[in-house]
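The values are calculated or read from the model by the stated rules, or taken from the named source; none is laboratory data. Remember, it's a predicted structure, so these values are computed and weren't measured experimentally. Here the Cβ positions follow ideal geometry from the backbone for every residue, glycine too, while neighbour counts run over all protein chains shown. Side chains are part of the model used for accessible areas, which takes the heavy atoms of the whole protein and leaves out ligands, DNA and RNA. Shrake-Rupley method; radii C 1.70, N 1.55, O 1.52, S 1.80 Å.
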Amino acid sequence: MDTVPGSVKDWTKIFKVLGNENRLKIIRFLYPNRVFTVTEIKERLGISYKWTSQNLVDLEKIGILESEGK
């Protein structure tokens, strides 16, 4: 989602992503402008690598995070 959300569908996607407790923990952990690897985030928050990675992808899709990875 590279533009300002305009449709109800866009807003639904945003609220769905932000409605997850682990994603909110990730946002709070990374704010402001802190950079960590997926492994560092997973260890700090106590969630699996798979779910940490997926949550980061979901946050990137709605424009909350930018990836510096490969």
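Among the residues of the range 45-62, what is the count of those that are small (Gly, Ala, Ser) and in a loop (DSSP other than H, G, I, E, B)?
Selection size over the range 45-62: 2.
Cβ contacts < 8 Å: first residue surrounded by fewer than 14 Cβ atoms within 10 Å (Cβ to Cβ), restricted to the range 16-29; second residue aromatic (Phe, Trp, Tyr) and in a loop (DSSP other than H, G, I, E, B), any location; separation 6+ or different chain. Result?
29/36
If I go through the range 26-44 residue by residue, how many of them are in contact with a helix residue (DSSP H, G or I) (Cβ under 8 Å, 6 or more places away or on another chain) and either in a loop (DSSP other than H, G, I, E, B) or among the hydroxyl-bearing types (Ser, Thr, Tyr) (or both)?
2
Residue pairs, Cβ under 8 Å, 6 or more apart or interchain, first in the range 49-70 and free of Cβ contacts under 8 Å to residues at least 60 places away in the same chain and farther than 16 Å from residue 30 by Cα, second open to solvent by less than 50 Å² (accessible area, probe 1.4 Å) and of a type outside the set (Phe, Trp, Tyr). List them.
Hits for this filter: 49/38; 51/22.
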